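Presented below is the structure to which this report refers.
Computed from the coordinates by the stated procedures, all read-outs in this text should not be read as laboratory data. Bear in mind the structure is a predicted one, so any value in this text is a computation, not a measurement. Reconstructed Cβ throughout: ideal geometry from the backbone, glycine too, with neighbour counts over all protein chains shown.
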Amino acid sequence: VIGLSDGLTVPFALTAGLSVLGKSRLVILGGMAELIAGAISMGIVSFLASQAERNHYRYLQ
């Protein structure tokens, strides 16, 4: 649910902000940059969460 909310609001806000420039190329490039940055961010967060869960499980044993 949190990822869905973030995945909808950030691209919309970025697109709305960049649309003021009036150049569709900049809007598309900004959207692609946000897509790549968001994917990397979510990947890193998932990796770190799985590492923390694994370490916690090992600690409990």
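What's the angle, to the nearest 10 degrees (0 to 90), between helix 2-18's Cα axis and the longest principal axis of the chain?
Here the helix axis deviates by roughly 20 degrees.
What trypsin sites (Lys or Arg not before Pro) in the chain are in a loop by DSSP, with at most 15 other Cβ atoms within 10 Å of the Cβ?
Lys23
Taking θ = phi - 60°, what integer Hz values does the Karplus form 6.51 cos²θ - 1.76 cosθ + 1.60 yield along region 40-54, in sequence order, with x for Gly and Pro?
5, 4, 5, x, 5, 4, 5, 4, 5, 5, 5, 5, 5, 5, 5
Compute the FRET efficiency between Ile44 and Phe12 as 1/(1 + (r/R0)^6), taking r as their Cβ-Cβ distance and R0 = 25 Å, and round to the nearest 0.05.
After rounding, the FRET efficiency stands at 0.65.
Between Ala33 and Glu53, take the C-beta separation as r, use R0 = 35 Å, and let me know the FRET efficiency to the nearest 0.05.
0.70
Starting from the Cα-Cα distance between Gln61 and Ser19, subtract it from 0.36 nm times their residue separation and give me the gain in nm to one decimal.
This chain segment gains 9.7 nm when fully extended.
Just one of (i) 11.8; (ii) 12.8; (iii) 13.6 is Kirkwood radius over Cα pairs in Å calculated from these coordinates, so which is it?
(iii)
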